[in-house]
Amino acid sequence: MTETRIDRRFASLKSEGRSGLVTFVTAGDPDYETAAKILAGLPAAGADIIELGMPFSDPMADGPAIQASSLRALKAGQRMTKTLAMVADFRKTDNDTPIVLMGYYNPIYVYGNERFLADAVKAGVDGLIVVDVPPEADDELCIPALNAGLNFIRLATPTTDAKRLPKVLANTSGFVYYVSITGITGAAAPDASKVHQQVARIKASTTLPVAVGFGVRTGEQARAIAKGADAVVVGSALVTAIEKSLGEDGRATGNTVAAVLDLVKDLAGALRAG
Amino acid sequence: MTTTSTADAKVNSYRSGPDERGHFGLFGGRFVAETLMPLILDLEQAYNDAKADPAFHAELENLNTFYAGRPSPLYHAERLTDYFRQQSKTGGGAKVYFKRDELNHTGSHKINNCLGQILLARRMGKTRIIAETGAGQHGVAVATVCARFGLPCEIYMGATDVKRQSPNVARMYMLGAKVNPVTSGAGTLKDAMNEALRDWVTNVENTYYIIGTAAGPHPYPELVRDFQSIIGKEVREQMMAAEGRLPDTLVACIGGGSNAIGLFHPFLDDKNVKIFGVEAGGHGLDVPNGHAASMNGGAPGVLHGNRTYLLQDDDGQILEGHSISAGLDYPGVGPEHSWLKDTGRVKYVSVTDNEALEAFQLCAKQEGIIPALEPAHALAHVMKLAPTLPKDDILVMNMCGRGDKDVFAVAGYLGMTI
Ligand SMILES: Cc1ncc(COP(=O)(O)O)c(C=O)c1O
């Protein structure tokens with residue numbers, strides 16, 4: 001597979017000698033325009049890699065914060081075509097920051113797998129995380145995505161034991177996303193030392209970078225988790241910042257974009273200081 | 001037939017699914033988060049081991065007999081048969097039987113599945129049980145088997161359903177279960193299932209999830225079907241005893257499809273048996289988001305671990321749907337039904353809320369049986385179908401639940417003051 005923006009970004013993080021910050025926000029939350037502004041501001045605020053959520057009505061692996069974020073986006077009229085358009089817009093001014101689309105299978109399946117992969121590549125998407133498509137179903141989406149030139153990033157979890165890990169790693173590319181807890185997004189922060197052991201276990205089996213996510217909210221936690229990992233993922237805390245910035249009518253206010261980007265600056269600063 | 005090889009026989013069978021990846025043709029599969037995958041694979045192994053273990057079958061049979069009260073009777077509904085014959089414009093009218101699964105302990109077919117799964121949970125060494133429920137019949141059956149085996153359980157139930165099925169909520173509490181009302185979405189079965197899956201991902205180490213219908217990731221559709229197939233197996237034997245032959249027509253309601261597949265599966269390869277599944281037509285199939293007929297009004301998609309027909313919009317967002325019956329108010333259906341629809345082996349129809357209410361009342365007055373609103377849907381289709389069939393057509397409808405849970409809600413719909 002040819003080198004992707006994700007590969008290049010991890011290579012440059014390595015040469016800088018620091019762990020990267022991966023930020024998750026949902027496309028279209030709280031509305032298209034505000035979300036596009038947040039997206040455009042993320043690289044300067046310190047996001048090294050952007051995970052962009054494809055909203056889904058039934059996010060089964062997500063906690064209340066990301067559920068609410070997904071529903072805000074859908075209510076504001078977000079659809080897959082708009083999510084891809086948002087990436088294409090972003091690419092007009094940023095050709096370096098990797099974008100990973102993250103979500104659930106059904107909206108992709110209904111869009112049509114082949115058509116989705118072609119349109120994602122055209123829009124400038126670099127990788128996919130699809131929560132509910134395990135390696136057992138690699139033939140339907142993972143392999144075609146790899147063939148289309150996209151990274152397919154697999155989640156490894158505390159329940160992915162030694163026997164199963166090779167299967168999870170087999171077709172993974174770009175990076176491995178280690179889910180630090182058995183649970184849904186937004187749950188309590190994991191114990192950093194346990195995470196370090198688990199990351200070491202995964203690193204013993206792959207040369208791919210490992211990003212750690214689930215439960216990371218503050219700069220301090222990010223710094224603690226980052227030791228030994230190549231990147232840290234923050235999601236629920238960012239969409240909670242969006243939620244808290246909204247007006248009584250549930251719409252974006254003048255503070256919304258800054259609320260998210262300020263938090264990203266904090267997190268990035270903490271990681272760089274570490 | 002004697003010259004066909006076993007391989008051909010398998011190809012020609014409707015009963016050989018799923019394949020080793022859990023697929024029924026296009027449908028089924030295992031679409032779950034990685035956290036759950038190892039457990040799903042363990043469950044598959046545990047189920048295969050149990051299937052090969054005579055002690056497992058013996059224990060289940062003992063519980064079915066002495067705890068659930070099986071076999072349930074096959075009952076000739078004489079007055080309804082007469083009624084349909086009077087209605088017949090062709091001088092016909094099928095001979096109608098009910099499979100009386102509403103007489104099981106806890107009042108529905110749900111206990112058949114729960115007894116099987118609680119034994120699996122014990123074999124796997126799990127110490128905590130969770131479940132989703134719509135009508136509350138599955139929740140009550142889960143709470144019951146958990147009490148019987150001394151395991152703690154938590155039941156997820158949509159807030160809307162907590163209201164419309166309150167007698168079952170009380171029963172669950174009395175049986176010692178914790179009931180968690182779910183307020184997301186429309187507060188119905190889909191939302192309860194999302195929340196149960198979230199609990200499971202969080203507590204995967206010690207928790208067994210008893211899914212209440214023949215849906216979800218492989219191997220659930222298969223194992224729930226197998227536990228429910230006792231319904232159809234009994235019907236075969238009972239019908240041979242009563243009539244000396246197999247029935248001509250089978251009818252069952254479809255929520256996720258467990259009572260239906262339980263009745264249908266043992267007959268799928270009997271080509272002369274006509275089979276009808278009845279979906280919830282709510283306010284009518286022409287009312288957008290106003291029904292829960294996923295096969296007649298939906299499209300294939302992926303939700304809750306399997307690919308199947310779903311109510312959804314053109315962006316792949318799942319619709320809430322609507323049915324008067326909490327047990328049928330679900331935007332998906334078990335994957336085997338989706339496959340049986342596409343192969344044409346089973347005909348799936350729908351009836352509206354009002355037709356089901358009419359059947360509910362007819363059954364109570366004609367047969368002295370108050371049906372649950374779910375099988376009232378099946379009966380509403382029998383009301384249309386039976387008068388068009390000849391007199392020598394033997395029809396079996398699955399009376400899969402009793403209506404005790406529905407009497408207050410139905411009284412409300414009918415404007416009765418009690
Ligand atoms: C009595 C009864 N029948 C039918 C159903 C629908 O489920 P299934 O289609 O799995 O039989 C329910 C579900 O709650 C029920 O309580």
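The values are calculated or read from the model by the stated rules, or taken from the named source; none is laboratory data. Fair warning: this is a prediction, and the values are worked out from it, not measured in the lab. Glycine also receives a Cβ, built like all others from the backbone with ideal geometry; neighbour counts cover every protein chain displayed. What goes into the accessible areas is simple: the full protein's heavy atoms, side chains included, and nothing from ligands, DNA or RNA. Shrake-Rupley method; radii C 1.70, N 1.55, O 1.52, S 1.80 Å.
Observations
- A simple charge model with +1 on the Cβ of Lys and Arg, -1 on the Cβ of Asp and Glu and nothing else charged puts the dipole of the protein assembly as shown at about 640 debye relative to its Cα centre.
- Cysteines in the protein assembly as shown lacking any other cysteine Cβ under 4.7 Å from their own Cβ: A:CYS142, B:CYS114, B:CYS253, B:CYS363, B:CYS400.
- Note on chain B: GNM, Cα springs under 10 Å; of B:LYS51, B:LYS99, B:LYS110, the largest mean-square fluctuation is that of B:LYS51.
- Within the accessible area of region A:122-274 (1.4 Å probe), percent carbon and sulfur: 51 percent
- Förster radius 51 Å - calculated FRET efficiency between B:LYS51 and A:SER15 (Cβ-Cβ, nearest 0.05): 0.35
- Per residue value of the accessible surface for region B:26-154 (all protein chains in place, 1.4 Å probe), Å²: 35 Å²
- Antiparallel bridges, percent of DSSP beta bridges restricted to region B:264-418 (to nearest 5): 60 percent
- Only the Cβ atoms of Lys and Arg (+1) and of Asp and Glu (-1) were treated as charged; on that basis the dipole of region A:100-174 about its Cα centre amounts to roughly 180 debye.
- Part-to-part distance (alpha-carbon centres) for region A:111-187 and region B:148-163, which is given in Å: 34 Å
- If you wrap the tightest convex hull around every Cα atom of chain B and split its volume per residue, you get 143 Å³.
- Gap separating the Cα centres of region B:169-188 and region B:289-340, nearest whole Å: 23 Å
- When A and B come together, around 2900 square angstrom of accessible surface is lost from both chains combined, probe 1.4 Å.
- The mean accessible area for residues of chain A, using a 1.4 Å probe and ignoring ligands and nucleic acids, is 38 Å² per residue.
- Taking every C-alpha pair closer than 8 Å and separated by at least 6 residues, the mean separation divided by the residue count of chain B gives a relative contact order of 21 percent.
- The mean of 1/r over all pairs of different alpha-carbon atoms in the protein assembly as shown, once inverted, gives a Kirkwood hydrodynamic radius of 26.3 Å.
- Average beta carbon contacts from partner chains per residue of A:103-109, 10 Å cutoff: 6
- Sorted largest first by accessible area at a 1.4 angstrom probe radius, with every protein chain in place, the residues B:GLU355, A:GLU114 fall in the order A:GLU114, B:GLU355.
- Taking the accessible area of region B:1-158, probe 1.4 Å, and keeping the other protein chains in place, the carbon and sulfur fraction comes to 50%.
- In this rough spin-label picture, where each label sits 7 Å from Cα along the Cβ direction, the B:LYS233-B:ASP42 distance is 2.8 nm.
- Pairs of Lys residues in region B:147-276 that lie 8 or more places apart, or on two chains, and have C-alpha atoms under 18 angstrom apart add up to 4.
- Of the DSSP H helices in chain A, those whose Cα atoms cover at least 24 Å axially and whose Kyte score averages 1.0 or more: A:256-273
- Label-to-label distance, nm, for residues given as A:ARG272 and B:THR90 (7 Å Cα→Cβ offset): 8.1 nm
- Protein-protein interface of region A:149-178, residues with accessible area decrease of at least 50 Å², isolated chain reference, 1.4 Å probe: A:THR159, A:ARG164
- FRET E, pair B:PHE66, A:ALA200, Förster distance 51 Å, beta-carbon r, rounded to 0.05: 0.40
- Taking label positions 7 Å along the Cα-Cβ direction at both B:GLN361 and B:ARG123, the computed distance is 4.8 nm, reported to one decimal.
- Using the Cβ-Cβ distance between A:ALA88 and B:ASP270 with R0 set to 45 Å, the FRET efficiency works out to roughly 0.20.
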